[in-house]
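A short write-up of the structure that comes next.
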Amino acid sequence: MVDIQLIKSSQKKIYQLYKLIDKEDKNLGKKIIKIRYRKKFLKEIFPLVLKILNILKNLYKFSDKKIAKSYVAFCRETLMEQFYFKKNPTYRAIKENINNLNFYSSKEKMRSYLIGLLLTQIFWVHHIKILNWYFNNLPKKNKLKNYLEIGAGHGLLSALLQKQKNVDGAIIDVSQSAINGLRKVFNKIRVNKKISFKKINFLKFKDEKKFDFIIMGEVIEHVKNPVQFLRKSKNLLSNTGSIFLTTCANCAQHDHLFHFKDVKHIKKIIKKAGLTVSKEYVVPSENIPKNKWKMEKIAISYCAVVKNAKR
């Protein structure tokens, strides 16, 4: 009975959010209303997304209308950048040599961005599929003593890990706004283990201990040298450790500084960093046949569990 009530509560909140978004943008509303959620997602994942959303909403003092506007703005900017990319050989951020730190240092911009990004986890079908895959492929509890998340943003991936495993962790992000929100989130969801938070560029991050699990959700496309980034991650792994990473090919955003051309390109970079893929999942952002992905420059999401190739 409790599960049914929880699922119904999730469905009700989805509809409330849909109505707010639909009022701002009918096309986005139409996409949301077509989504068919699995019961496990409504039971296990959506309530946690909603909890994080409410924590950030109160911290930022956002109204429901502003939450909807943040999501709409995020989607529209994504469409604008993707449109630019389809007319040009690479992303606008690469061509114009954009400095991401200016954006990540802006409290107001980051707040709207993080809310919009969080809502894509429940309103973008390919993100929903990736979340399900991540949740179903978390390491076994007896093999996990600690973890590190790099570029945690809104904190959902760490929160889902804690929901199942409850282990000590370290969370780092280059944005102070993100770190402030993450501290609040993990304080409110009452994680029983020790979690440290640090605002730092990952390439400058130092830690004596090794990690059993490293999370990098949509991070390596934001840096100019993903090989360097992945090599440093590899050096922080314990002997039996693994990395969960997601990234994307042909996926333009205002802060994407590395252009992966396709899945082969992503796997080449992973191999060059001295890592090997043990599990992977590929999903397009649009329901288009695979033989048309490259020609139409369709954004492709890629997620994998990777390990040190020498172990």
Item to check | Cα lying deepest toward the dipole's positive end in region 170-267, options Val223, Thr246, Gln176, charges on Cβ | outcome: Gln176
Next on the checklist: Given points 7 Å out from each Cα along the Cα-Cβ axis, report the Arg311 to Asn58 separation in nanometres with one decimal.
Outcome noted: 3.9
Checklist outcome for this item: Under the 7 Å Cα-to-Cβ spin-label approximation, Lys31 and Lys12 lie apart by a distance in nanometres of 2.8
Next on the checklist: Using alpha carbons only, how many angstrom separate the centre of region 138-213 from the centre of region 221-299?
Outcome noted: 21
Checklist outcome for this item: With only helices counted (DSSP H, runs n ≥ 4, each -39500 (n - 2.57)), the per-residue ellipticity at 222 nm for the chain, to the nearest 500, works out to -15000 deg cm²/dmol
Item to check | Simple label model, 7 Å out from Cα along Cβ direction - Ser196 to Arg76, nm | outcome: 4.3
Next on the checklist: How big is the dipole moment of the chain about its Cα centre under a simple scheme where the beta carbon of each Lys and Arg is +1, that of each Asp and Glu is -1, and everything else is neutral? Debye, nearest 20, please.
Outcome noted: 620
Next on the checklist: My understanding is that a pair violates if its Cα-Cα distance is over 31 Å; which of Lys31/Lys294; Lys30/Lys193; Lys8/Lys65; Lys8/Lys86; Lys204/Lys279 do that in this structure?
Outcome noted: Lys30/Lys193; Lys8/Lys86
Checklist entry - Please state the relative contact order of region 2-123 as a whole percent: Cα pairs under 8 Å, 6+ residues apart? => result 30
Item to check | the chain: relative contact order in percent, alpha carbon pairs under 8 Å with at least 6 residues between | outcome: 16
Item to check | Cysteines in the chain that, by Cβ-Cβ distance, have no pairing candidate under 4.7 Å | outcome: Cys75, Cys303
Item to check | Relative counts (whole %) of C-alpha pair distances in region 125-308, using bins that are 5 Å wide | outcome: 1, 8, 17, 21, 22, 17, 9, 4, 2, 0
Item to check | Distance from region 78-121 to region 122-136 (C-alpha centre basis), Å | outcome: 21
Item to check | Unit charges at the beta carbon, dipole of region 2-123: most positive-side option, Gln121, Tyr60, Phe46 | outcome: Phe46
Checklist entry - How large is the dipole of region 217-311 about the Cα centre if only Lys and Arg carry +1 and Asp and Glu carry -1, each at its Cβ, rounded to the nearest 20 debye? => result 640
Checklist entry - Taking the Cα centre of region 179-229 as the origin, how large is its charge dipole in debye, to the nearest 20, when only Lys and Arg (+1) and Asp and Glu (-1) carry charge on their Cβ atoms? => result 420
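Rule-based calculations on the coordinates, nothing more; no lab input. Computed from a prediction, not measured in an experiment: that's the story for all the values here. Cβ coordinates were reconstructed from backbone atoms using ideal geometry, including for glycine residues, and neighbour counts include every protein chain displayed.
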